[in-house]
Each structure stands twice: as C-alpha cells, then as structure tokens.
Amino acid sequence: MTRQQFKMLEPLLELRSFEKRIMIVKEGEIEDYVNLVIKGLVRKFVPTSKGEFTQQLATEGHIIQSEISFHTRKPSEVVIETLEPSVLMSIKNDNMQRAFELVPGAEELGRAIVTQMFIKKDARYFDQLKKTTRERFLDYMKNHPHMLQRVPQKILASYLDIKPETFSRLKHLIRVPGS
C-alpha cells in the first residue's frame, strides 16, 4: 500500500487496548473486527466438554479473528482472549467493506491477507496430521522458543494437540542455549 492509500484507510482503523485475560470475543457473540496484534499475545480457542482447544496464538504482526463469525455474521463458536496486555489495530466489518469501495488496492490487500491465512491454516493442519507428537513439539519449540515463557504450558499443549503430561515429559528435549 502506498502512503496515500494508507492515509485513506487510517480513519477506518481503530487502535484498541486490552488488559491480560480479557475476552475480546465470547462464544455466541458476532465478531465485528479483523485484528492485527501490534503488541501482546492473543489466543483463539474452542471451548469443548473436554476443556479448551487452542486454535491460534497470535503475537505481534499476526492477524486474529473469528473468521466464520466475521464473514457470515453468525455467532462465534470460538473465544478470543488476551494472554498478555495487548494492543490491536482493528477494522470493523462495515468499515472494511467501505475501505474496499473507497481505497484503491484495499480489496487486493484483503484478498492477499485471506489467502495467506488459509495457507497457514492448511499448513498447520497438515503438520498436525503428518508429524508425531514429539516432532510437533520439537518443531514448535525450535521455531518459537520465546513462547514457553509467554504462554502457559497447558495452553501450548492444547495448541500443539498434546496432552499436558506429555508436554511436560517432552520439555527435557529442549536444548538450553550455552549447554
């Protein structure tokens, strides 16, 4: 996007701040926003009878939303919650539609973002199917070592589809820098 295009988009964006452990979207609510995490950590999870299944952990630079609810305008089946104090740059559904009409290139940008989100979701899904529990754990810890300090172990285990006890046992496999 050019600076001029962003200037046209800017009035449609909202900077929203949340404390730790705030539910931004509750199950049953309609998602009104697409959110870019500017600062902090946000998770998306599905509450089930067996507990919570974490679908996404979004840190700085990542987009998070209840996609089905946002695009269909139906109640969300997921919960979006901050795990740290967080700042989000958000655009409301109606403002996004307005941006597509008013800002040249906005629709193409939106399409590119949605495409990347689908690619990431599919890649993660196939990773979950093809890799063993141990491989998923090691790959994630290798690529996201900082998350062990930022995310409670139970939530990380849920995200990786690993039982918390198994996650605990696998922690010995992580190499400590300098050892």
Test: residue in the range 38-51 that is among the polar types (S, T, N, Q), closer than 30 Å to MET147 by Cβ and surrounded by 13 or more Cβ atoms within 10 Å (Cβ to Cβ): no
Residue match in the range 97-104 (condition: surrounded by 14 or more Cβ atoms within 10 Å (Cβ to Cβ), modelled with pLDDT under 85 and not polar (S, T, N, Q)): yes
Residues being more than 21 Å from the chain's Cα centre (by Cα), without any contact (Cβ under 8 Å) to a residue 24 or more places away in the chain and under 17 Å from ILE63 (Cβ atoms) - total across the range 102-144: 2
Selection status of PRO11, out of contact with any strand residue (DSSP E or B) (no Cβ under 7 Å at 6 or more places or on another chain), surrounded by fewer than 13 Cβ atoms within 10 Å (Cβ to Cβ) and not aliphatic (A, V, I, L, M): yes
Number of the condition not met by GLU84 [criteria: (1) at pLDDT below 95; (2) part of a loop (DSSP other than H, G, I, E, B); (3) under 29 Å from ILE162 (Cα atoms); (4) not β-branched (Val, Ile, Thr)]: (1)
Residue selected from the range 60-81 under the condition in a loop (DSSP other than H, G, I, E, B) and in contact with a strand residue (DSSP E or B) (Cβ under 6 Å, 6 or more places away or on another chain), by the criterion farthest from LEU156 (Cα to Cα): SER76
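The values are calculated or read from the model by the stated rules, or taken from the named source; none is laboratory data. It should be emphasised that the depicted structure is a prediction, and the values quoted were computed from it without experimental measurement. Backbone-built Cβ (ideal geometry, glycine too); neighbour counts: all protein chains shown.
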